[in-house]
Amino acid sequence: MAAPTGAAIAQSPRSFSLRADNDAFDFWMLPWNRPDEEYTSGVHLTYDGGNAPRWSKLFGFQRSPCVLHTLRCATARVELGHDIYTPSVDLKDTRAATNARPNAGWLYLSQSARLLTVDRADELTISLGVTGPPSLARFTQQLAHNAAPAFNRPTDRGPRWSSARDRSGS
């Protein structure tokens with residue numbers, strides 16, 4: 001194992017992370033009893049590190065890098081994310097209730113500037129994304145349910161994405 005030396009120590013820490021959220025991860029419940037409604041799934045790939053983006057200067061963020069023994073510095077974060085939302089449904093009627101949340105998706109890219117001090121962290125994020133059919137929510141959810149049909153609940157077999165209330169199409 002090599003230890004960092006010289007310039008490597010002076011650089012900001014950098015990391016990648018992958019986060020996957022899904023109602024199917026409620027492992028303490030039988031698969032067919034797990035909820036698949038409201039916020040149902042999310043996948044987020046994040047890169048932390050580097051200097052704060054140039055646009056952050058407009059909001060008073062200094063662009064000084066985070067190095068050893070600094071008391072105030074700025075870093076950046078970039079995230080590619082995908083979130084899926086589905087309505088609550090009943091076993092007897094797989095159509096969503098009139099006042100239920102519609103099927104929806106949010107596919108986005110965000111960039112954050114973080115200002116760090118000894119006792120505080122401020123963060124400003126700009127996100128750009130798409131909803132509706134371009135979000136690929138319908139495709140993604142159907143792909144997941146088709147990949148593991150043994151874990152689907154009876155309500156997963158209904159016309160979940162075919163109603164007029166669908167905000168995420170195919």
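The values are calculated or read from the model by the stated rules, or taken from the named source; none is laboratory data. Just so we're clear, the structure is a prediction, and the values are computed from it rather than from any experiment. Heads up, the Cβs are rebuilt from the backbone with ideal geometry, glycines too, and the neighbour counts pull from every protein chain shown. To get the accessible areas, we keep the full protein, side chains included, count just its heavy atoms, and leave off ligands, DNA and RNA. Shrake-Rupley method; radii C 1.70, N 1.55, O 1.52, S 1.80 Å.
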Residues satisfying the stated conditions in segment 51-74, i.e. part of a strand (DSSP E or B) and within 29 Å of Leu107 (Cβ to Cβ): Ala74
From the options Pro102, Pro134, residue that is at pLDDT 75 or above and outside any loop (DSSP other than H, G, I, E, B): Pro134
Pair list, Cβ under 6 Å, 6 or more apart: segment 60-73 residue modelled with pLDDT of 80 or more, other residue in a loop (DSSP other than H, G, I, E, B) and open to solvent by 90 Å² or more (accessible area, probe 1.4 Å): Leu71/Val118
Test result for Leu115, open to solvent by 30 Å² or more (accessible area, probe 1.4 Å) and of a type in the set (A, V, I, L, M): no
Filter pass, Ala8 being part of a loop (DSSP other than H, G, I, E, B), modelled with pLDDT under 80 and open to solvent by 20 Å² or more (accessible area, probe 1.4 Å): no
Residue match in segment 35-50 (condition: assigned to a loop (DSSP other than H, G, I, E, B) and modelled with pLDDT of 85 or more): yes
